[in-house]
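Remarks on the structure that follows.
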Amino acid sequence: MGPERMGDIATIDSEQWRQTVIRGALVWGVAVSDAQARIMGRHALELLHWNRTTNLTAITDPLAVAVKHYVDAVAVVPWIHRGARILDAGSGGGFPGIPLNILRPDLSVTLVDSVRKKVSFLKYAIRTLNLNGITAVHGRLEDLGPSPPYRGSYDLVVCRAFSSLEDFAGRTLPFLSPGGSLLAMKGPQSDPDQENENHKDDGPIVLGGTSFSVRRHRYRLPFLDAQRSLVRLTPVSGA
Ligand SMILES: C[S@@+](CC[C@H](N)C(=O)[O-])C[C@H]1O[C@@H](n2cnc3c(N)ncnc32)[C@H](O)[C@@H]1O
C-alpha cells in the first residue's frame, strides 16, 4: 500500500508510517533509522492523544502527520552544524525541536512555548520517550530572551509557522550568541513575507533596525507536494 492510502489513525507508528518518514527524509539526504522513526511514531501517538484535550495540531491524518510534521522538521537538519545549541521558538507539540533531538544527539535543544498546557505535553513527551539533551520551558520569548540563562546562549533559533520574519527576529534576536542565526520554517499560509517584494530570496534586509543577511530555500514536501520554505537570517556584525 502506498503512502497515499493511510487513512486510519491506528496506522501511525506502523511499518508503513515509519517508511514514509524514512523515505521522505531521504529526499533531503537525511538518514532516519527505524529506531528513530519508532520514537517519532510514539511522539505522534502521544501528540494525537493529548490533542483531544489540548490544541496541539490541526493535522491528524496519518500521512499528513508523517510528512507535514516529521519529514518537514527533518528538512532543517542539513542547515544545523554539529553540537549546535538550538532554541525552538513557539514549539507547540514539539516541531521541529523533538524530531531534531531524536535525529541529532549532538544538539542541545530548548523548546519554548507561551501556553502552559503545551509545555506540559512537551515535558511529558520528553520524559515518556526518554529523550536526552532537550528541555521544555514555559514562557513568552520576549520575556525570556533578555535575561540569563537565555540571553546570548543559542547558535540557532528555529521556528516553524510562528509569525512574520520581522516579529520572529524582534522576539528572538536576544537569544543568539555571536555568529548565530535565526531560521524560520514557513508554509504558504504562514508566510506573509513570501509576498513581500522587499524580502528578497538572498541578500541583506533590515528588520526592526537590525541588518541581516538572508538565505531563502524553497522546497516541496514529498508525497503531498506542498510548498514550504526555510529562511535563514544572520545578523550582519558591525552594520
Ligand atoms: C502555529 S503554532 C506552531 C507550533 C509548532 N512550531 C509547529 O510548527 O507545529 C505557534 C506556537 O507559538 C506559540 N507562541 C505564540 N506566541 C508566543 C510567544 N510570544 N512566546 C512563546 N511562544 C509563543 C503558540 O502557543 C503556538 O504553540
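Of all residues in region 148-163, none satisfies the criterion of being open to solvent by 30 Å² or more (accessible area, probe 1.4 Å), more than 12 Å from the ligand (Cβ to nearest atom) and closer than 18 Å to Ser229 by Cβ. Tell me, yes or no, whether region 178-193 has at least one residue that is of a type in the set (Asp, Glu), closer than 24 Å to Thr57 by Cα and within 12 Å of the ligand (Cβ to nearest atom). No: zero hits. The number of residues in region 212-239 being out of contact with any Ser or Thr (no Cβ under 8 Å at 6 or more places or on another chain), hydroxyl-bearing (Ser, Thr, Tyr) and open to solvent by less than 50 Å² (accessible area, probe 1.4 Å) comes to 1. A single member of Leu26, Leu48 is within 16 Å of the ligand (Cβ to nearest atom) and either within 25 Å of Gln227 (Cα to Cα) or of a type in the set (D, E, K, R) (or both), and it is Leu48. One residue alone among Leu100, Leu63, Leu107 is more than 16 Å from the ligand (Cβ to nearest atom), crowded, with 21+ Cβ neighbours inside 10 Å and under 14 Å from the mean Cα position of the chain (by Cα), and that residue is Leu107. Checked against (1) under 23 Å from Ser177 (Cβ atoms); (2) within 12 Å of the ligand (Cβ to nearest atom); (3) free of Cβ contacts under 8 Å to residues at least 24 places away in the same chain, Val112 passes all but condition (3). Checking each residue in region 168-193 for being at pLDDT below 95, assigned to a helix (DSSP H, G or I) and open to solvent by less than 50 Å² (accessible area, probe 1.4 Å) picks out only Asp193.
Those residues that are surrounded by fewer than 22 Cβ atoms within 10 Å (Cβ to Cβ) and closer than 21 Å to Phe175 by Cα, I need them from region 119-134; list them, please. Within region 119-134, Val119, Gly133 meet the criteria. Kindly indicate whether any position in region 70-90 is away from the ligand (no atom under 15 Å from the Cβ) and of a type in the set (Asp, Glu). No, region 70-90 contains no residue that is away from the ligand (no atom under 15 Å from the Cβ) and of a type in the set (Asp, Glu). Just to be sure, is Leu107 modelled with pLDDT of 95 or more and in contact with a Lys or Arg (Cβ under 8 Å, 6 or more places away or on another chain)? So Leu107 fits the description; yes.
Within the bounds of region 27-34, is there any residue that is loosely packed, with under 14 Cβ neighbours inside 10 Å and either touching a residue at least 12 places away in the same chain (Cβ under 8 Å) or within 19 Å of Arg160 (Cα to Cα) (or both)? Within region 27-34, one or more residues are loosely packed, with under 14 Cβ neighbours inside 10 Å and either touching a residue at least 12 places away in the same chain (Cβ under 8 Å) or within 19 Å of Arg160 (Cα to Cα) (or both). Within the option set Val77, Val115, being over 22 Å from Arg232 (Cα atoms) and not hydroxyl-bearing (Ser, Thr, Tyr) holds for one residue only, Val115. Taking each residue of region 142-163 that is among the aromatic types (Phe, Trp, Tyr) and looking for partners that are assigned to a loop (DSSP other than H, G, I, E, B) and away from the ligand (no atom under 14 Å from the Cβ) with beta-carbon atoms closer than 9 Å, six or more apart or interchain, yields Tyr154/Ala84.
The values are calculated or read from the model by the stated rules, or taken from the named source; none is laboratory data. Owing to the predicted nature of the structure, the values given are computational and were not obtained by experimental measurement. Note: ideal-geometry Cβ built from the backbone for every residue, glycine included; neighbour counts use all protein chains shown. Ligands, DNA and RNA are stripped out before the accessible areas are found, and what is left, the full protein with its side chains, is counted by its heavy atoms. Shrake-Rupley method; radii C 1.70, N 1.55, O 1.52, S 1.80 Å.
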